[in-house]
Amino acid sequence: MVLLYIAGHETTVNLIGNSVNALLKHPDQLAAWNADPSIGVRAVDELLRFDGPVQQTVRVPMVPVHYETASGRVTVEPGTVVTTVLGAGNHDPSMFETPGRLSLNRLNAGRHLAFAAGIHYCLGSNLAKLEAEVAVGSLVRRFPDMRSTGDITWRDRLTIRGVDRLGLEF
């Protein structure tokens, strides 16, 4: 039940807050979404890549996992706790050109790791993206001139990144 709450509510709430914060810090992108609401799907993917709510996750392999690195072959033994830092992968310059820049028209924004990958890919990803598109898109259309008051506090959590309070002016 806790997993369903965190996965189905906590991440979506934080995605929406992080997205609004990112758009306020990049008014050109806020204006771009307002000017062309059809970019909503791609915009949400880019916002997930840029500042997604799940920054890291833990995996524990049940069988040996072998892979090649620049330093040689590495084996991760069964039972070893591995922390994957999804936020770092979403800012990999070999995958995303100018990864520190928010660009709602980024063509490969959907290649982010915000929902993990493979057999661990989030089953609720489509619902979360739809909820964010509707919530943030509605806010953008309803309040195109919204701005931050500068009053922001962040939730104190290790794995989930999210805004606790974000002051807005309309």
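Data table
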item: Residue that is farthest from residue 59 (Cα to Cα) [pool: residues in region 80-106 that are in contact (Cβ under 8 Å) with a residue 60 or more places away in the chain and hydrophobic (A, V, I, L, M, F, W, C)]; result: 104
item: Region 123-134, subset in contact with a helix residue (DSSP H, G or I) (Cβ under 7 Å, 6 or more places away or on another chain) and either under 13 Å from residue 11 (Cβ atoms) or at pLDDT below 95 (or both), residue surrounded by the fewest Cβ atoms within 10 Å (Cβ to Cβ); result: 124
item: All strands (runs of 3 or more DSSP E) inside region 59-170 with 1 or more residues being within 22 Å of residue 29 (Cβ to Cβ); result: 147-154, 163-169
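The values are calculated or read from the model by the stated rules, or taken from the named source; none is laboratory data. Since this is a predicted model, take the numbers as computed values, not measurements. Don't worry about glycine lacking a Cβ; one is built from the backbone with ideal geometry, like all the others, and counts go over all protein chains shown.
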